[in-house]
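Below: the structure, in structure tokens.
The values are calculated or read from the model by the stated rules, or taken from the named source; none is laboratory data. Just so it is clear, the model here is predicted, and its values are computed rather than measured. Note that each Cβ is placed from the backbone with ideal geometry, even for glycine, and that neighbours are counted across all protein chains shown. Note: areas computed on protein heavy atoms with side chains; ligands, DNA, RNA excluded. Shrake-Rupley method; radii C 1.70, N 1.55, O 1.52, S 1.80 Å.
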Amino acid sequence: MSDTLRDQLMGLGFKPAPKPERKNDAPRRDGRPQGKGGNGNGKPQQAGRGEHKPGERRAHGNDGPGKPGQQRGQGQGPRKPRTAEEMDLAKAYAIRAQREKEERIETERLKQEEARQRREAKVKLEELLKDKSLNAESADIARHFPYGGKIKRIYVTAEQLKALNAGELGVVQLNGRYLLVTADVLAQSEAVFAASVALKVDPNAPAEDDPYADPQYQVPDDLVW
């Protein structure tokens with residue numbers, strides 16, 4: 001329509017048509033739509049309490065993880081290095097513990113070795129004393145003697161008692177039994193296993209050294225009735 005016609009119409013009372021409102025829904029330069037996510041006036045809604053803006057780093061409180069090195073034990077400095085005296089003391093303890101361990105191992109080794117030697121000696125002694133016992137079934141005289149901290153006895157005849165007190169015979173312990181043997185066998189038994197010798201009389205020793213040599217001592221002094 002030309003300007004002349006527009007003027008004529010306006011002169012007749014016609015008003016120009018109002019221009020339509022322009023909607024602000026065009027995308028923004030950053031790609032986000034206009035009017036969305038705002039508060040009605042085109043401005044972005046501010047983050048409330050407890051909310052975080054994009055890219056904002058959350059501040060840690062007392063219940064959140066802190067900075068490295070500020071968690072449990074915060075405020076404690078580096079561990080104090082040990083002094084030379086403390087190091088020497090720790091070294092001395094370690095040396096003593098090692099020495100005690102070695103001593104225990106050596107003690108146990110010696111015990112096992114001693115037990116092995118005793119077993120072997122008893123086997124040899126049993127072979128040596130085979131068929132050499134002089135114990136008589138008719139023996140009725142009790143000859144007492146100390147052995148192993150206790151008073152033991154063996155029954156002999158009158159002739160055997162004289163020979164025993166003269167050192168011509170002796171007593172050997174084997175597997176809980178007391179065997180009467182000659183002086184020669186007694187010496188061999190002592191060489192194999194000295195602990196097996198239960199009674200070895202020295203004829204030159206004073207009589208008071210062996211009070212049980214007298215036949216009247218057929219009952220031990222420590223016997224409780």
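Numbers for the structure displayed
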item	result
Odd one out for G170 among (1) part of a strand (DSSP E or B); (2) touching a residue at least 60 places away in the same chain (Cβ under 8 Å); (3) closer than 13 Å to V185 by Cβ	(2)
Residue in region 190-197 that is more than 48 Å from the chain's Cα centre (by Cα) and free of Cβ contacts under 8 Å to residues at least 40 places away in the same chain present	no
Selection count, region 118-135, where residues are open to solvent by 40 Å² or more (accessible area, probe 1.4 Å) and in a loop (DSSP other than H, G, I, E, B)	6
Scan of region 153-168 for residues that are under 55 Å from the mean Cα position of the chain (by Cα) and open to solvent by less than 60 Å² (accessible area, probe 1.4 Å), ordered by number	I154
Scope region 149-163; condition in contact (Cβ under 8 Å) with a residue 40 or more places away in the chain and within 15 Å of K200 (Cβ to Cβ); matching residues	K152, I154
Qualifying residue in region 169-176 (condition: open to solvent by 40 Å² or more (accessible area, probe 1.4 Å), within 16 Å of K200 (Cα to Cα) and either touching a Gly at 6+ places or on another chain (Cβ under 6 Å) or at pLDDT 95 or above (or both))	yes
Number of the exception - E113 against (1) open to solvent by less than 80 Å² (accessible area, probe 1.4 Å); (2) among the charged types (D, E, K, R); (3) closer than 16 Å to L199 by Cβ	(3)
Residue within region 181-200 that is assigned to a strand (DSSP E or B), open to solvent by 50 Å² or more (accessible area, probe 1.4 Å) and either in contact with a Phe, Trp or Tyr (Cβ under 9 Å, 6 or more places away or on another chain) or at pLDDT 95 or above (or both) present	yes
